[in-house]
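Participant: To start, I am sharing the structure in question, which I have written as structure tokens.
The values are calculated or read from the model by the stated rules, or taken from the named source; none is laboratory data. Everything numeric here is computed off the predicted structure, so don't read it as measured data. Quick reminder, even Gly has a Cβ in these numbers, built from the backbone with ideal geometry, and neighbours come from all protein chains shown. SASA here: full protein model, heavy atoms, side chains in, ligands and nucleic acids out. Shrake-Rupley method; radii C 1.70, N 1.55, O 1.52, S 1.80 Å.
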Amino acid sequence: VAQAVGKKMPIEGEQRQMVVICGKNEEVKTKLQKGPWHPNLRVTVVGFVNNMHEWMIASDLIVTKAGPGTIAEANACGLPIMLSGFLAGQEEANVTYVVDGHMGEFRPDPMQLGDRVGAWLADPSLISMMAANSKKAGRPSASLNIATDILNVMATHARPGAEGGGLLDM
């Protein structure tokens, strides 16, 4: 998949960058580090990382399988999501979630996937639309809403005359 995307990303006269995170797959990491890559494409290949959110924040889009944790993290970062595959019986609904939510696409064929990523990169308005939908799905105000709901419950259920006036007073 990385090689197919790498073939579609370069544009003559324009430098591009691609990061491939291989996890614990050392064989794939070694193969991809050797290239070859287009001279206008700077490729960084790494193994397992503990700072995936930082890599995502620095990205324009993500290509991944339909794992729920990665999709949720991509939503939190507002990334368009290109899905390359899914685990049968576990992740099919995640594909529907991304596609129907207009956050990205599903392309199991590496060459078609590469073509679509190339098309995305050539269409900033499409990238922006998918990024906005992804960010919205990430529910950026969820923590604030939960805290507000908790405060409202505490205020509603406060014991009259209790110091502090809340549920936690015993």
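Participant: Would it be correct to say that Trp37 is among the aromatic types (Phe, Trp, Tyr), open to solvent by less than 100 Å² (accessible area, probe 1.4 Å) and out of contact with any helix residue (DSSP H, G or I) (no Cβ under 8 Å at 6 or more places or on another chain)?
Facilitator: In short, no.
Participant: Scan region 40-75 residue by residue and report those that are assigned to a loop (DSSP other than H, G, I, E, B) and closer than 29 Å to Ser125 by Cβ.
Facilitator: Within region 40-75, Asn40, Ala58, Ser59, Asp60, Leu61, Ala66, Gly67 qualify.
Participant: Only residues that are over 10 Å from the mean Cα position of the chain (by Cα) and part of a loop (DSSP other than H, G, I, E, B): list them for region 76-101, please.
Facilitator: Within region 76-101, Phe86, Leu87, Ala88, Gly89, Gln90, Glu91, Gly101 qualify.
Participant: Test of understanding: among Trp37, Trp55, which residue is aromatic (Phe, Trp, Tyr), in contact (Cβ under 8 Å) with a residue 24 or more places away in the chain and over 30 Å from Tyr97 (Cα atoms)?
Facilitator: Checking each option against the conditions leaves just Trp37.
Participant: Okay, next question. What are the residues in region 40-75 that are charged (D, E, K, R) and either open to solvent by less than 50 Å² (accessible area, probe 1.4 Å) or under 9 Å from the mean Cα position of the chain (by Cα) (or both), if any?
Facilitator: Within region 40-75, just Glu73 meets the criteria.
Participant: Out of region 102-150, which residues are open to solvent by 30 Å² or more (accessible area, probe 1.4 Å), part of a loop (DSSP other than H, G, I, E, B) and either among the acidic types (Asp, Glu) or modelled with pLDDT of 95 or more (or both)?
Facilitator: Passing the criteria: His102, Arg107, Pro108, Asp109, Asp123.
Participant: Go through region 10-27 and count every residue that is farther than 18 Å from Gly118 by Cβ and either aromatic (Phe, Trp, Tyr) or open to solvent by 60 Å² or more (accessible area, probe 1.4 Å) (or both).
Facilitator: Count: 4.
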